[in-house]
Structure formats: structure tokens, C-alpha cells
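The values are calculated or read from the model by the stated rules, or taken from the named source; none is laboratory data. Worth saying up front: this structure is predicted, and the values here are computed from it rather than measured. Cβ placement follows ideal geometry from the backbone for every residue including glycine, while neighbour counts extend to all protein chains displayed. Areas reflect the complete protein model, heavy atoms only, side chains present, ligands, DNA and RNA absent. Shrake-Rupley method; radii C 1.70, N 1.55, O 1.52, S 1.80 Å.
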Amino acid sequence: MKIENAVWGTQIPAREFAMSINGNRVVSKDTDFAINPATGQPIAAYPLATRQHLDQAVQAAKTAFDTWRHTSFSERQKALNGLADQIEANYEAFLTLLTMEQGKPRAGAEWEIGGSIYWLREIGKQSLPEEVVRDEGENKVVTRYTPIGVIGGITPWNFPLLLAVWKIAPALMAGNTMVLKPSPYTPLCTLWFGELAQKILPPGVLNIVSGGNEPGRWMTEHPDIGKIAFTGSTATGKKVMASAASNLKRLTLELGGNDPAIVLPDVDPEAIARDLFWASFQNSSQFCVATKRLYIHEQIYDRAVAALVDYARTVKVDNGLLVESQLGPLQNRMQYDKVRDLLRDSVAQGHQILLGGLPTDTRGFFIPVTIIDNPPDESRCVVEEAFGPVLPVLKYRDIDEAIDRANRTEYGLAASVWSADVAKAQAVARRLEAGTVWINQIHVFGPDIAFGGHKQSGMGIENSLHGLAGYCNMQTIMERPLNV
Ligand code: NAD
């Protein structure tokens, strides 16, 4: 098939990407380029915020808070639906832009853009009514949820728009205003969404500032920001937490993971090979909750590994703008170098590489799907979060040993258990140290489902009413008549 015929995507109107500050389009004299990871070529320039831009954005959000905090539930719901409408009206262009800047093929882009629309509408239905916790005649105790103020949102490059929406929707719904900074690697969809949002929201309610890591750091230390909602690596999360201590900011930290999957001996290995493949390699494994260690019982190990490799050979890795592409490149050079270094280590250690290995493709940042056969537990490819398509498959003999090895990590984001016996899988799931455990499925999320990491995978919750509560202060009011 000729490449030209295989390309999908819509024309994106030529535009100068701008920040949104106090309802205005704001450019900067300093810019950088967003790079298409499939080609290594620049897509468009984006502004680099100065400290002054950030201060203006925070001030605008602070001023807007005085009014936005008093808006009704239905006004906020209408606003969130309006934001969803803006994405929906530009759906094809968002898909194309996301694939160009992030690298993911169309199916993944549909999941992310469709998910962003869905989340805005569903979070728009959530509220936290006051609770009367004691009602003793004239004596009453009431707990209510009040907005925090200005929220600082900081996002990574793997799901740039969806993870921004996971913050924007509950923050605004709870009555806060926001300054959000996208990753320097993938700023374009977020900047464009920010501009569209200004048609819906009053000035200052949602401000988007772009730049490198610096504006993120400025946000974490800013005295007028009351909470940081951060998704990114554990290493950066620790810096955010330290810096946020300056004014005791509230924090939600969604950080790294090294998720195990445990496959019990009662499964049909050929039947689940496809699911296990995507559990690990979806979004080219640039997924905080990708399966990063696959534990398979020794009785079915050889068959399961053979089925996994057979399936993997059928998957097409290419530029996400090609119709037949199922997996795209890594998103950026930094991550590409990191994963290549991990692979070099595996090669040097003499690991048995069943598929893939060091990259030979010189276009963009492509790393082949790589499956490593039973490397030692202390190998770098087992211990570290690869965040790229390198999967160690590990053999186990008894379930206690598998659970122990699965839990032997500083991370605790998610895990999965695969078995024909759901009760057995349940028993294993309950012993895993992870914020989410899927049984015979993976990567199911919902606006109503609490998501958050244990251990060094984070703190706080996104989604569900617990997530919404994370954007609120709780206030207890106790009343009784005056004793006269
Ligand atoms: P990163 O930590 O390098 O960057 C994340 C964001 O933080 C970027 O916007 C960056 O500019 C900003 N930043 C960098 N230094 C900062 C500082 N000192 N202060 C404030 N902000 C700063 O992460 P990444 O490489 O963009 O993303 C990959 C990581 O994100 C992986 O570890 C992955 O597991 C994690 N992740 C977690 C989840 C989750 O929900 N738990 C979801 C997606 C990704």
C-alpha cells in the first residue's frame, strides 16, 4: 500500500499556538518546537512562559475565583458540557493533532479524545452535598465541601489531553479556578483546548501556560496556589511535594508504576495472549498502568510465552498517521534514549531476548516491541519503570512466591490477575499492594472509579467523589442555640 493512501487525518488550520491567560491569547518572545516523534520533524512552535506570565495567570485565576466559587452546580455543569462540545466539534482535528504530537495511532487517539469528552460530561454530574452528621433537635453538626482556590495542574506527555481533563473537570466542578501547565513535549492539544475553553468560561477560570519544567517549579512554590494536581514521574513528584511545603499546598500526585500481572496456571494461554500483549504494550507502553512485569506459572509458561510472541509478531509498529499502524514511536528523544539504555543493559547481561531488541529504525523514536525471557529479578528491566515497549516475562512456581515478588517494589500503582477461577484471582488481588487491581481485564477507568497509587506511586485519588473531594477543603459547622 502506498503511504499516501494509508494516511488518515484531517487538515488542521494553520495556527500560532498561544497560552490562555485571563481569557486572552498570550504569546511569548521565546518559543520552542513540538516535535513529531514519528519523524523527528517539528510540528509547530509553542510559547515559553516567563515568570511574569505565570504570575499573571495565577493572579487572573485568583481574581476569577471570587466569582466562580459562587456559581451554581448547574452553571458549572453547563460549562463542563460546553468544554466537551468544543472538543466534539473539533474531534477529527484533535485526533490528528494528538497523533502528530504524541505519536499514538488513531485507535489510541480516539480513546483519549473520546475519553476527554466523556469525562467532562460525567464529572459535570458530580457533586458533594453537605452532610448532616448529627441532627439532635436544635444541635446540629454539618460537614460541607468548599473550594480550595487556585489549583495548579501539571501533566505529562503520554495522555496529554485526557490527564489534563482529569484535573480540570473536578477542579472547576468543585468551584476552583486553575492554572495548568502541559508537558513541554506535548503542549499543543492542551494549548488549543485552552483557547477553545475561553469561549465557554469567564476570563481567568482556566489558564494554560506552556514552557519547560521551570513554570511547573514556579507553580509548586507559588504562594497563591492552594493545591497542585500533578501527574508525572515519582522523582519529579518528590520535588513537587518538597516545594509545595512552602505554603502547605494540598497535593494529588499520580506517579510512576511497575505494575505486575500474575497469570495463574488454569488459564488457556493462547486465548489470553492478545489481552496480555495489550496490557503491556498499549500506547507503546508509555502508560503508567502498563503491565511492566508479567509473572506466568511454570506449568503454562512456555505455551504462554510462545503465544505472546506469536501475537506480538502480528502487531504493526509505525507512524500513527498510517491507517495500519497499531503502535507508534516513543514520544521523545529523552525517553527513547532511556529505553535504549535499558535494552543495552539487557543485551550486556546476556538476557534471552525473544523478540525485538535494540532499535535499528532511524526515523523518529521507534523502539521495537521487545519481550525478554525470564531475566533475573534484580535486572534493571525488571526493577525499573521502562515506560517503553520492553517486557520481562517471569516464571513462578507457587502463588505465594509470585505475590511476594510482585509486591517487592517501591511502586504500587496497579496490577492484574488472570485466572479461570475468579474467586482464586480475588484472593490474590487482595494481597497485592496496588491502588487498582484488575481481574481478567485491564485499563478500565471511569469517572466514578477511584484511581490512585499506593507506596511511591502517589498520593490522593483521581476520579470518583473521592477525587472531587480532593479539590475541596472540608468544613465542619456545629450549631446550637445560645444558652441564655
Ligand atoms: P515528568 O515527571 O518528567 O514530568 C511531568 C510534568 O512535570 C511535566 O509537565 C514537567 O514539565 C513537569 N516538571 C518537571 N520538573 C518539575 C518540577 N521540578 N516541578 C514541577 N513540575 C515539573 O514525567 P513525564 O516523563 O512527563 O511522564 C512520565 C511519568 O509519568 C512516568 O513515570 C509515568 O508512570 C507517570 N505517569 C503517571 C500516571 C498516573 O496516573 N499515576 C499517569 C501518566 C504518567
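Numbers at a glance
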item: Residue among 223, 203, 184 that alone is assigned to a loop (DSSP other than H, G, I, E, B) and within 8 Å of the ligand (Cβ to nearest atom); result: 184
item: Near pairs, Cβ below 9 angstrom, 6+ apart or cross-chain, from the stretch 123-150 (closer than 21 Å to residue 177 by Cβ and open to solvent by 40 Å² or more (accessible area, probe 1.4 Å)) to any residue that is assigned to a loop (DSSP other than H, G, I, E, B) and charged (D, E, K, R); result: 144/130; 145/130
item: Residue that is nearest to the chain's Cα centre (by Cα), among those in the stretch 217-258 that are of a type in the set (Ser, Thr, Tyr) and under 21 Å from residue 160 (Cα atoms); result: 231
item: Yes/no for residue 197 being more than 9 Å from the ligand (Cβ to nearest atom) and either open to solvent by 10 Å² or more (accessible area, probe 1.4 Å) or farther than 25 Å from residue 16 by Cα (or both); result: no
item: Only listed residue being within 16 Å of the ligand (Cβ to nearest atom), in the same structural domain as residue 267 (by TED's automatic domain parsing) and touching a residue at least 60 places away in the same chain (Cβ under 8 Å), chosen from 406, 434; result: 434
item: Any hit, the stretch 452-464, residues being under 27 Å from residue 340 (Cα atoms), among the hydroxyl-bearing types (Ser, Thr, Tyr) and either open to solvent by 10 Å² or more (accessible area, probe 1.4 Å) or touching a Lys or Arg at 6+ places or on another chain (Cβ under 7 Å) (or both); result: no
item: Unique residue being assigned to a helix (DSSP H, G or I) and surrounded by 14 or more Cβ atoms within 10 Å (Cβ to Cβ) when the list is 393, 382, 437; result: 382
item: Unmet requirement for residue 92, which otherwise passes all of (1) within 25 Å of residue 254 (Cα to Cα); (2) away from the ligand (no atom under 16 Å from the Cβ); (3) among the acidic types (Asp, Glu); result: (1)
